[in-house]
Amino acid sequence: MAPLRSDAGLDLSFAGRFGFGIDQWAYVPFEVPEGIRRIDVSTSHDNFSLLGIGHNVLDLGIFGPAGPELGNARGFRGWSGGARAGFMLSATNSTPGYLAGPIDPGRWTLALGPVVLNPLGMDWRAQVVLTPGVQPSIRHLIDPGPAVHRSRGARWYRGDLHTHTVHSDGRRQLAEMADAAVSAGLDFIVSTEHNTNSANRAWTASASDELDVIAGEEVTTRHGHWLAVGLPPGGWVDWRYGPRDNLFAGYAARVRADGGLVVAAHPSVPLPGCAWEFGFRDVDAIEVWNGMWNVDDEVSLRIWHQLLRQGRRVTAVGGSDSHVSGQPVGSPQTVVYAQDSSTPALISALRDGHCYIAESSAVTLALNVSRDGGTVVVTAEVTGAPDCNLAIITDRGCVGRVKTDASGLGTLRWACEDPAARFARVEVRRRSRFPSMVALSNPVWLGEAS
C-alpha cells in the first residue's frame, strides 16, 4: 500500500477502507531508512456502535524487518489491540505492549485488525513518523532471563491465572497489580496480556519478594481466547488463525513442549470473537470461572462436567481477568498443591488437577477419598463460606448436600460401593435465588482411590 503523503520518507500517511466483519487482518508496509532512532504511529477510524453492545475497533501492532509472517517471533515488535490508537518505539523505550530495541533499517509493517460492525464498512487512517538520530549501541532485543522463584516447599499456593495491566488493555501499572495480588493473599499471578510478551519482560526486571509472576499470554484470536501459561523467557504465541486453518493444535503443542499449560479462556462468553470455537481436544484446562460468577460460567461448568463424564482429564481453573480496580485481583483464585513455588512445579500440579477454585483467600476447600474394602468414602470440607451449600457431584449427579454453619464451616461425607461413580467433585454455592459459586474442586477419580 503506497503512502498518501511522504515527507522525505520521515512522515508517512496511509488510509483505506475495511468492509464489514471481525475476522480480517491487513498489513501496511513502510521503509525505515538508516539513521532512524524512533518510530511513532497514530491511527484513527470511523466510530460506530451496534445497539450499545459493540463498536468498531482498529486493533494495532507492528513487525520489524524480519517480517510479519505467521508465527515469526523474530519479527514481532508489539501489539496493543484496540486499547490504543498509537504507540512509540525506540531502542531503549516503548509504549507498554511494545518491545524496545534497535530500529533497524528495512521494511517494517503495521499490523491492523479491524473489527467492523457497520454494514457499510469503516474508513481508517494511519500516520507513521520516523525520527532521525543516533541510537544507543544495542544490537538486538534483550531477552529476559528466567524469572527467579523462591523455593517454599510442598504446600497450597494461591494464584490468579488471568491478569491484565497497562501492557494490554488493563489500567494498573505492574506495581499496582503486584500490590493488589499481595493484598488478595496470592502467592503468584500469571501475566496474560493480549497477544504480547512485553509485560513478561518488564515483570522479570521487577522481581518481588512477596509475589511470583509466571510468564504467559492471552492468545486473543477472533475465534476464542486461550491462555498460554508458563512461557519461556521471551516466549510469544501468534493469534492470527481460526479453526479452519488447523493451526491451533500446533501452537498448543509448542506451548506444552516448552513446559507450559494450554487453557481455554472464558469459553462461553457470548461476544463476537470470544466464544471458544477450537474444541477441547488440545487444551489442558478450561477457565470455568472468570471474574464474577455469572451465566457464562454456568455454561462453561456444564461443558467441563460433560468432558469429565466422557473420561477427559481436563483441569478446571479460574482467574479474575482483572483489568481495572473494580475487578478484584484474586477473585476468583486457583489454589494449587505443588511441591514448590517454581513455575514447573505449579504447571505440573495444574496439569494434574491438583487444585481448586475459590472466590477469595478466606475460603479453603478439602476433598479426600479413602477405601474401606469395597466401599469408597468421599469427605469434603469447606471453611470461610457462611450461608452456603456444600455439595458432592459425581458423573451421576449430586449425591449429597449440606448447609454450612454460621462460621462458614461445612463437612460432608459420602460412601459408595464400587462402581457407583467414576469421579467425585465438590461445589460450594451461596444459598440464594442465583446460587453463585464460592468454591469449586477438581475431581478425584474414584477408580484410583487407595
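The values are calculated or read from the model by the stated rules, or taken from the named source; none is laboratory data. All figures in this text were calculated on a predicted structure; none of them were measured in a lab. Reconstructed Cβ throughout: ideal geometry from the backbone, glycine too, with neighbour counts over all protein chains shown.
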Review point. Restricting attention to the range 263-274, does a residue exist that is more than 16 Å from the chain's Cα centre (by Cα) and modelled with pLDDT of 95 or more?
Key: no
Check your understanding: In the set Asp179, Asp160, Asp169, which member is assigned to a strand (DSSP E or B) and either assigned by TED's automatic domain parsing to the domain that holds Trp289 or among the polar types (S, T, N, Q) (or both)?
Key -> Asp160
Review point. Just to be sure, is Asp387 surrounded by fewer than 17 Cβ atoms within 10 Å (Cβ to Cβ), at positive phi and in contact (Cβ under 8 Å) with a residue 24 or more places away in the chain?
Key: yes
Check your understanding: Just a yes or no: is a residue in the range 401-414 without any contact (Cβ under 8 Å) to a residue 40 or more places away in the chain, hydrophobic (A, V, I, L, M, F, W, C) and over 19 Å from Ala366 (Cβ atoms)?
Key -> yes
